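For reference, the structure discussed in these notes is given below.
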Amino acid sequence: MNPVAFSRNAAVAVITLDSPPVNALGAAVRAGLVEAIGRANADEAVSAIVIAAAGKAFIAGADISEFGKPPVPPFLPDVLDTIERSPKPVVAAIQGVALGGGLEVALACHARVALPSAQLGLPEIKLGLIPGAGGTQRLPRLIGAAKAFPMMLSGDPIPAGRGLEWGLLDEVVSSDLLATAIRVAEGLAGEGRRPVTSAAVDKLTEADRAAFEVQAKDALRKAGEMPNVPALVEAVRNVFLLPFEEGLAAERKLFLALVDDPRSKALRHVFFAEREIAKVPGIGPEVKPRPIASAAVIGAGTMGGGIAMCFANAGIPVTLIETAQAPLDNGVNRIAAIYDISVQRGSLTPEARAARLALIKPVVGLAGAAGADIVVEAAFEEMGVKQQIFGELDKVTKPGAILASNTSYLDVPTIAAATKRPQDVLGMHFFSPANVMKLLEVVRPKGVADDAIATAVALGRKLGKVPVVVGNGFGFVGNRMLEQRTRAAERLLVAGALPYEVDQALVDFGFKMGPFAMADLAGNDIGWRSRKARGLKAPVADAICEAGWFGQKTGRGYYLYPQGARAGQRCPEVEALIQRISAEQGVTRRAFSQAEILARLLDPMVNEGARILEEGIAARPGDIDVVWINGYNWPAWRGGPMYWADGVGLDVIAKRLEAQAAESGDKALEPAPLLKRLAAEGKGFASFGAAAG
Ligand code: 3HC
């Protein structure tokens, strides 16, 4: 099917893009556009042109899947040049999103008309790029750099109404979009002069330039690792320094360099991986989610409260259930206090705060869950407790209600066995703080109904989460891999590294904090309790807990936190304790380089990831990457652990693991069969999904 249709409406040529799902500007669409513009200009009966689009989007931008492949002409900047230089005026009729190259197409047109629901944005920054088809040159000329730069820096779209106010759009109409665009096009043609090109549009002023420079300074200060922020500043600054054509050429050069940057490649991998997770093996679009109009959350602790907030934030009424009035009141007060902070920060209006709180109904006793379409249990992490709750829920909830456990480690089928409806029981594993963290592991035990899983996934999206369906198994995906990192961090201490060195290696890699700062924040007693329950030992971590150094809450853990300080200071006592333990174990301590520390922390995680894939606990390596980016702050520009491993080379990782296994005698460190096989074949994890079809 031709993705670009040509038709005539009196003297106006209507060019309609129709390339599902989102009219991305792939090679065929670009060629079709050039051809259609040429045809319209060659046709004497045509006096003006409209570019419209079929489907839910106007244009979602350049075709991201083409990046990194050999470029195929016509190139987008040339297509836009053809549009802009058309002797007959061209008008864009925008419905849905006009993003990236899509908005750049609209900017190359001589006028723009949109529906009120249209969204206009230049999100390239989120892919590690900058606009590469004139966006940095045309948008500032049209609306001023001080409005255009923040749009490109955040990458967030603006609604049509604001586009109209800012002069980005010429008209916004709630119906008859095409007819309006045709009328505007006829009007421009009637003016009888050549359409105005971007080079001639100039809203730039000294005041605008000064305002932009202030924004640029701030952006550069916060840019961190991303090379596209300085590139964006440079490109936008060019509108004040260079003629239009030269500015375009400079932008293109910056853009092409970024396309080849490994950080952008990683972000593009994440873009597609985050879309892949929607494809759950064995569950097609014919499986319809059950309707969810109300929810109940069991447990008003930090986790339960955060989950209840997720429902309230999404406009879903939620019953918050506790065993007694006092913990219930505490929970509700904690929620209200969190909303208060949002109001103080200006991110929530007092009215919205009241509306959200009104959606949360506190109730004592499980009978409160009777009317709920879904129940999320966030009670104490102990099988007996969970089974008792689920047994009770089975009696009080209505047929077809989904019963979800927020367990982090426990076996979901054993929980389900307490009910007579295992087909409705699954895991919904939120991450702390639940109202903030994006990751949701949807745990799919054997025996659960497909539509129950589809419901949890659809609901997760409605709650603004990134739902990844995972198999049932200890720690599921995220925590199972985290445990390997925790063990590796402890081993490093005994072998010769100090907590601050281990943490620094991960911070320099791009994590917000390292494992020991993290443990101090979460409370070292949590891991201690869990180790004791499982009969596991970690000499340093155990000794720290035996000393009562539970972390920030006790003023000291691996680090010292004098007077409630958030940033820890090195603790000589802890460092001496670590050295003593090394000596007791007969270990001669040695120095570790940052690279060695990183390899020792991350390789065992990757190894566990390989086992998780082999066991089918995660469907694809990309799913594991999405888990780590959205739940554990793995830096997105490094693409996730499995993507990172492919970049290092699985043969390198396998060799390093073998060496570690030999040195420590720990069999768990031996390369997993999948890792070994792929390494031997010279392949990466990326080939895993492809091989599995
Ligand atoms: N290129 C290729 N495929 C794209 C795409 C793009 N720009 N945008 C979306 N898709 C694909 C998705 O991969 C997905 O494919 P699948 O069904 O096979 O998994 C499908 O379109 C639907 O996407 P979503 O699942 O994300 O659908 P939503 O309705 O939730 O969202 C959207 C639609 C808002 C358009 C969202 O997909 C999006 O934000 N897309 C990316 C927009 C973007 O970043 N554009 C800039 C590209 S870079 C550029 O233009 C450079 C230029 O300056 C030169």
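The values are calculated or read from the model by the stated rules, or taken from the named source; none is laboratory data. Computed from a predicted structure; not experimentally measured. Methodologically, a virtual Cβ is constructed for each residue, glycine included, from the backbone with ideal geometry; neighbour enumeration extends over all protein chains shown. The area values use the complete protein model at the heavy-atom level, side chains included, leaving out ligands, DNA and RNA. Shrake-Rupley method; radii C 1.70, N 1.55, O 1.52, S 1.80 Å.
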How big is the range 128-220 by Rg and Dmax over its Cα atoms, in Å? 15.5, 46
Roughly how many whole Å is it from the C-alpha centroid of the range 374-422 to that of the range 80-125? 51
Please compute the net charge surrounding GLY514, taking Lys and Arg as +1 and Asp and Glu as -1 over other residues with Cβ under 11 Å from its Cβ. -2
Under the Karplus relation with 6.51, -1.76 and 1.60 and θ = phi - 60°, whole-Hz ³J(HN,Hα) for the range 359-369, x at Gly and Pro, equal 7, 9, 9, x, 9, 8, x, 5, 4, x, 8
Spin-label point model (7 Å from Cα, Cβ direction): what's the LYS288 to LYS667 distance in nm? 5.1
DSSP-defined antiparallel bridges as percent of all bridges, the range 295-474, nearest 5: 15
Per the Kirkwood treatment, what hydrodynamic radius in Å, one decimal, follows for the range 295-474 from the mean inverse distance over all distinct Cα pairs? 16.0
If amide H atoms are modeled at 1.01 Å from N in the peptide plane, then the residues at a separation of 5 or more from ARG556, or on another chain, having amide H under 5 Å from its own are PHE550, GLY551, TYR561
For GLY132, list long-range residues whose amide hydrogen, built 1.01 Å from N in the peptide plane, is under 5 Å from its own amide hydrogen. none
Could you work out how far the C-alpha centroid of the range 213-267 sits from that of the range 598-677, in angstrom? 34
Over the chain, the sum of -39500 (n - 2.57) across DSSP H runs of at least four, divided by residue number and rounded to 500 deg cm²/dmol, gives at 222 nm -15500 deg cm²/dmol
Can you tell me the relative contact order of the chain? Whole percent, Cα pairs under 8 Å, sequence separation 6 or more. 8
Full extension between ALA370 and ARG589 adds, at 0.36 nm per residue less the Cα distance, a length in nm of 72.9 nm
How many angstrom separate the Cα center of the range 283-315 from the Cα center of the range 470-489? 25
Cut-off under 17 Å on the C-alpha distance; same-chain residues fewer than 8 positions from LYS279 excluded. Which aspartates and glutamates are left, in chain and number order? GLU441, ASP450, ASP451, ASP623, ASP625
Quick one: how many Å² of ASP176 are accessible to a 1.4 Å probe, rounded to 10? 110
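With only Lys, Arg, Asp and Glu charged, each at its Cβ (+1 for the first two, -1 for the last two), find how big the charge dipole of the chain is about the Cα centre; round to the nearest 20 debye.
720
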So who's got an amide H within less than 5 Å of the one on VAL466, skipping anything under 5 residues away but keeping other chains? H placed 1.01 Å off N, in plane. LEU439, LEU440
For a label point 7 Å along the Cα-to-beta-carbon line of VAL652, residues of the range 595-632 with backbone N under 19 Å: 595-610
Provide the gained length on full extension for the span GLU615 to GLU35, in nm with one decimal, where the gain is 0.36 nm per separating residue minus the Cα-Cα distance. 203.7 nm
Pick out, from VAL540, TRP528, ILE578, the residue whose Cα sits farthest towards the positive end of the charge dipole of the range 513-584, with +1 on the Cβ of Lys and Arg and -1 on the Cβ of Asp and Glu. TRP528
Tell me, what HN-Hα J-couplings in whole Hz come from the Karplus equation 6.51 cos²θ - 1.76 cosθ + 1.60 at θ = phi - 60° for each residue of the range 405-417, using x for Gly and Pro? 10, 8, 4, 8, 9, 6, 6, 5, x, 5, 5, 4, 5
With 10 Å bins from zero, work out the P(r) of the range 51-194 over every alpha carbon pair and list the percent per bin. 12, 44, 35, 9, 0
Counting only DSSP beta bridges fully inside the chain, the antiparallel percentage to nearest 5 is 25
Between ALA179 and GLN563, what's the calculated FRET efficiency when r is the beta-carbon distance and R0 is 56 Å? Round to 0.05. 0.25
What FRET efficiency comes out for the pair ARG580/LYS446, r = Cβ-Cβ distance, R0 = 51 Å, nearest 0.05? 0.60
Of the heavy-atom accessible surface of the range 306-355 (probe 1.4 angstrom), what whole percent is carbon and sulfur? 55
Bins of 20 Å, beginning at zero and ending with the bin holding the largest distance: percent of Cα pairs per bin for the chain, please. 16, 42, 34, 8, 0
Lys and Arg at +1, Asp and Glu at -1: neighbours of VAL627 with Cβ under 13 Å from its Cβ sum to -2
If you put +1 on each Lys and Arg Cβ and -1 on each Asp and Glu Cβ, how big is the dipole of the range 4-260 around its Cα centre, in Debye rounded to 20? 160
At a probe radius of 1.4 Å, what is the per-residue accessible area of LYS655, in Å² to the nearest 10? 130
Could you give the length gained on full extension between ALA278 and LEU256, defined as 0.36 nm per residue of separation minus the Cα-Cα distance, in nm? 4.9 nm
Accessible carbon and sulfur surface of the range 565-693 relative to its total accessible area, %, 1.4 Å: 52
1.4 Å probe accessible area per residue over the chain, in Å²: 42
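When the convex hull of the C-alpha atoms of the range 594-687 is computed, what volume per residue in Å³ does it have? Present the calculation step by step, with values, prior to reporting the outcome.
On the way: hull volume 8.8 nm³, N = 94.
Looking at the range 594-687, the number lands at 94 Å³ per residue.
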Residues of type lysines that LYS676 reaches as a straight line, Cα spacing below 27 Å, ignoring anything fewer than 8 places off in the same chain: LYS265, LYS655, LYS667
Quick one: what are the phi-derived ³J(HN,Hα) couplings along the range 478-484, Karplus 6.51/-1.76/1.60 with θ = phi - 60°, whole Hz, x for glycine and proline? x, 5, 5, 6, 4, 4, 5
With all protein chains in place and a 1.4 Å probe, LYS532 shows an accessible area in Å² (nearest 10) of 120
Taking the range 295-474, how many lysine pairs are there with alpha carbons less than 23 Å apart, if each pair must be eight or more places apart or span two chains? 17
